[in-house]
1. Restricting the search to the range 428-451, which residues are touching a helix residue (DSSP H, G or I) at 6+ places or on another chain (Cβ under 7 Å) and either of a type in the set (Asp, Glu) or without any contact (Cβ under 8 Å) to a residue 60 or more places away in the chain (or both)?
2. From 209, 195, which residue is in contact (Cβ under 8 Å) with a residue 40 or more places away in the chain, under 14 Å from residue 265 (Cβ atoms) and out of contact with any Gly (no Cβ under 6 Å at 6 or more places or on another chain)?
3. Here are 331, 370, 316, 338: which of them is among the β-branched types (Val, Ile, Thr) and out of contact with any strand residue (DSSP E or B) (no Cβ under 6 Å at 6 or more places or on another chain)?
4. Can you give me the number of residues within the range 345-381 that are at pLDDT 95 or above, within 29 Å of residue 396 (Cα to Cα) and outside any helix (DSSP H, G or I)?
5. Checking residue 121 against (1) part of a loop (DSSP other than H, G, I, E, B); (2) more than 15 Å from residue 417 (Cα to Cα); (3) modelled with pLDDT of 95 or more; (4) of a type outside the set (Ser, Thr, Tyr), which single condition isn't satisfied?
6. Could you grab the pairs with beta carbons closer than 6 Å, sequence gap of 6+ or different chains, first residue in the range 395-407 and in contact (Cβ under 8 Å) with a residue 40 or more places away in the chain and surrounded by 15 or more Cβ atoms within 10 Å (Cβ to Cβ), second one in a helix (DSSP H, G or I) and β-branched (Val, Ile, Thr)?
7. Among the residues of the range 107-121, which ones are among the acidic types (Asp, Glu) and either surrounded by 14 or more Cβ atoms within 10 Å (Cβ to Cβ) or on the phi > 0 side of the Ramachandran plot (or both)?
8. So which pairs qualify, if the first residue must be in the range 370-393 and in the same structural domain as residue 344 (by TED's automatic domain parsing) and surrounded by fewer than 20 Cβ atoms within 10 Å (Cβ to Cβ), the second must be small (Gly, Ala, Ser) and part of a loop (DSSP other than H, G, I, E, B), the Cβ gap must be under 6 Å, and the two must be at least 6 apart or on different chains?
Amino acid sequence: MKDWPARLESLTTGNSVAVTITGLSHDGQGVARLDDRVLFVAGALPGEQVQVRLTHRARRHWLAELQEVKTPAPERRKPPCILADNCGGCSLQHFEDRGQQHWKHQKVVDAMRRIAHLDQPVAPLLASADGLGYRNRAIIPLERCEDGRLRAGFYRRGSHSIVNMNHCPVLDPRLDGLIAPLKADLEASDWPVDRDCREGGGLRHLALRIGHHSGELLITLVSSHADLDGLEFLAGQWLGRWPELVGVCLNLQPHPTNTLMGEETRVVAGRGWLRESFCNLQLRIGADTFFQVHTQQAERVVPLLLSALAAIPTGVMVDAYSGIGTYSLPVAAAGWHVHGIELSQEAVNQAKTNANENGLSGRASFETGVVAQCLAEHLGHCDALFLDPPRKGLDPVTIGAIREHPPAHLIYLSCDPATLARDLAMLVAEGLYQLESLQPLDFFPQTSHVETLAVLRR
């Protein structure tokens, strides 16, 4: 035993060691201790004895590759996807669904206690009915090999290398069925493929979208340029091949950035949007606008939102980060006047169209702008505020505006328990708000992500 610390100190990248996994990190990696450092290993579960290979040493942690599970956890299963061990699209396929759900619930509890110092009870997680076949959208990177073959798939975990695939079990099966034939058609073309814009540009991504209830399909090619000879002909063939396909689009992203889609989308054939039923409303969803990827779970938010508003008569609600009106319009349909604020002009245009087509233009208005810059002028005239920000949460200006003119009711839908806990701590400080409820929802089975709906009242 005297040699143990010395052996640890002598460890270097490439060494193989045995460790015991004690928990999961926020992104679903197994966590162990190695000397005075934390060790992270993807694919490991709490309670497991595993053999790992050290791949990277940082000041305070190690990264390691799973070599062997010597003592598996009871919740371990064979991943439903044959690419799960390599593909970075899903991080928890080796974790049976109930185990995932328990961990996600606890993730919210822990964030509230650790970051916000709140002991508010967290409601049981609203799990998805099916952990597979739920995604209504995919944006798939492309590259052409030296022999001309096309590789399409998501990135290998922790890298920018594509794991080639023909099927993805988390996609809606109707989307999944398009991957192989579309790959074959794109491979047969002579179009350049250059997803990183390093060699003159070309095709970068294949984007697929489906209306879960309507069944309508959209295909969008993301390219650095529009010089794709024969695209109109091929798009026409696709429309004839798949009756559910309503449009083929070309999105132009000429900039070598990690932003997957550019600002300009052209309709090549058909139309640039699909129709979807959502909570008894009809929505237009564009090829390049945001919509929750799990339609059924997103629909479960609406009755929770309406229940949170039921304590008062109908009034005025501001919907910050309103998108295409996904949540604004059901609230308007319930009798409220809603004003949405959204950065994307295209999303605002679609929200206005959706309001008009559902007969809600008189109760739903939308403006294009930055929430932090626009919110303050509306807070003094509203009864409720609904927030659905990006993963980074609320910026200090937005928090300050809310604290200056706090509406009586605040409902916050978050996709990151850590940033939610940080923001809630500031919103409940000095008794400004009382946190009434926390409801986690599983929008992304097989991944580490979890949504949470927080209800606050004055």
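The values are calculated or read from the model by the stated rules, or taken from the named source; none is laboratory data. Predicted model only: the values in this text are computed from it and were never measured. Cβ: placed from backbone, ideal geometry, glycine included. Neighbour counts: every protein chain shown.
1. Of everything in the range 428-451, those that are touching a helix residue (DSSP H, G or I) at 6+ places or on another chain (Cβ under 7 Å) and either of a type in the set (Asp, Glu) or without any contact (Cβ under 8 Å) to a residue 60 or more places away in the chain (or both) turn out to be 432, 433, 442.
2. Numbers: 195 fails: under 14 Å from residue 265 (Cβ atoms).
Exactly one of 209, 195 is in contact (Cβ under 8 Å) with a residue 40 or more places away in the chain, under 14 Å from residue 265 (Cβ atoms) and out of contact with any Gly (no Cβ under 6 Å at 6 or more places or on another chain), namely 209.
3. Answer to the check: 370.
4. Of the residues in the range 345-381, 8 are at pLDDT 95 or above, within 29 Å of residue 396 (Cα to Cα) and outside any helix (DSSP H, G or I).
5. With (1) part of a loop (DSSP other than H, G, I, E, B); (2) more than 15 Å from residue 417 (Cα to Cα); (3) modelled with pLDDT of 95 or more; (4) of a type outside the set (Ser, Thr, Tyr) applied to residue 121, the lone miss is (2).
6. Note: pairs meeting the criteria are 398/371.
7. Let us first name the residues in the range 107-121 that are among the acidic types (Asp, Glu), namely 110, 119.
The answer is 110, and nothing else.
8. 383/315; 383/408
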